[in-house]
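K.L.:
Take this structure first; my questions come after.
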């Protein structure tokens, strides 16, 4: 075959290849156009939403509790969908208000940590709530990310509204962080948590932690402080400006120390660890605080009440208290506290009465007299605890002996209702509520927990139907806006009704 023929065949093939390439280009363009149309149709009408509405939707998609930040943490995925979403997300400060960083052994391999923190700080518009958990490092083995992150926080301290630090006070972390100067001019909330359950108490450790707090400078806007497993006397905080204080401590003595340091405290939340029951409190003296209005105390780590100890209410006098949640407490201690505080203007009371003798009897008359003085109380919860008898009887006696008692009560919850046999228990409950409603129509909701074994079918119940003799009373209550619910263990509350 001649060269002319071969060249002609090659040229013909080149022409055919060019034609196929052009066809491929045309097909690719058609495919891309259809793909773009598919994307447009798939997101319609989202792509037509006003940016303000899209911003609100983004905020609703955020998780409740921030996890340790990664490249997949919200709201970063929103910025990778399209330009519109990226612009909207970056322009919505509420999406960037919470960030949690962990500088631990894994941080050595996380080169993006500083970049993540920078992104949040740039977009939060000065209202960032930052959590920082630091591993157990000494100066020799601390990762470079610790220095980088602490420098970034120090340089952007004015953008933080809340800062929560978790660390080991026995490590070099306090010293390493204290090398920076943190200008927290707008910081309103500070949390400091020791990961060491029982940190050693040495002069060096106390000074290291004090030096760290001093590195936080003045904090002129600070109002709320949370500490865990750190004695308050270790922390040189601006105590006089703090109005809300939350703590987990080891001893009642530390609680009283904190109260003495906080002259303008309004809200006090206390949790004492379980071994606090072994503390000798016989030498503690009573502390009077005339500005505290809301207090919650949990003793014993949430376990059963500790019998035979002096509860913290024995050492407190709070004449302006409005909210009291003391968990378990002896009736005698509670009564003495109320008298010593000159019957404070309580609005919310949540407590579990305990009888040390465990004879099943409380001083009903004493409780009734106390309740009769609570003219401002609108929410009352009485929890079931050791030694208590039927609390429905206690309240019934109160309302009978002191007509007009608790005139502003709107919410009532009783944890421990003995249903009795037949309809007797229900009769007692309705009679008790009727005694109260003779003089007050403020009550809107009553929750009662049963002390009884219920069959498995109870999980499918929606209401509990009262006997016909109570129909008129229940109908009148419903018309007046009062709803009565009965619940049992973990089951949903059942509405007490007059009809199926």
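Readers should treat all values here as calculations from the given coordinates under stated rules, not as data from a laboratory. Only a predicted model underlies this, so the values are computations on that prediction, with no experimental measurement involved. Cβ placement follows ideal geometry from the backbone for every residue including glycine, while neighbour counts extend to all protein chains displayed.
K.L.:
Length gain on complete extension for the stretch residue 18 to residue 261, per 0.36 nm per residue less the alpha carbon to alpha carbon distance? Intermediate values should be presented prior to the final figure.
P.N.:
Values: separation 243, 0.36 × 243 = 87.48 nm, distance 8.64 nm.
Gain in length upon complete extension: 78.8 nm.
K.L.:
Something else: Report the extension gain between residue 86 and residue 28 in nm, rounded to one decimal, defined as 0.36 nm multiplied by the number of residues separating them, less their alpha carbon distance.
P.N.:
Additional length available on full extension: 18.1 nm.
K.L.:
Which of the peptides 433-444, 469-480 is most tightly packed, and how do the rest follow, going by the mean number of other Cβ atoms within 10 Å of each residue?
P.N.:
Details: 433-444: 16.5, 469-480: 14.2.
Peptide ranking by packing, descending: 433-444, 469-480.
K.L.:
Taking neighbour Cβ counts within 10 Å as the exposure measure, how do 291, 21 sort from fewest upward?
P.N.:
21, 291
K.L.:
Hey, another quick one. Ordered by packing density, taken as the mean number of other Cβ atoms within 10 Å over each peptide's residues, highest first, how do 139-152, 341-354 rank? Mind dumping the intermediate values first?
P.N.:
Working: 139-152: 15.9, 341-354: 19.3.
Per-residue Cβ counts within 10 Å, averaged per peptide and sorted highest first, yield 341-354, 139-152.
K.L.:
Among rounded, prolate and oblate, which fits segment 150-256 when a ≥ b ≥ c are the square roots of the eigenvalues of its C-alpha gyration tensor, a/c under 1.5 means rounded, and a/b larger than b/c means prolate?
P.N.:
Judged from the Cα gyration tensor, segment 150-256 comes out oblate (a/c at least 1.5, b/c at or above a/b).
K.L.:
OK, next. Sorted by mean Cβ packing within 10 Å, highest first, what order do the peptides 206-215, 3-12 take?
P.N.:
In decreasing order of mean packing, 206-215, 3-12 become 206-215, 3-12.
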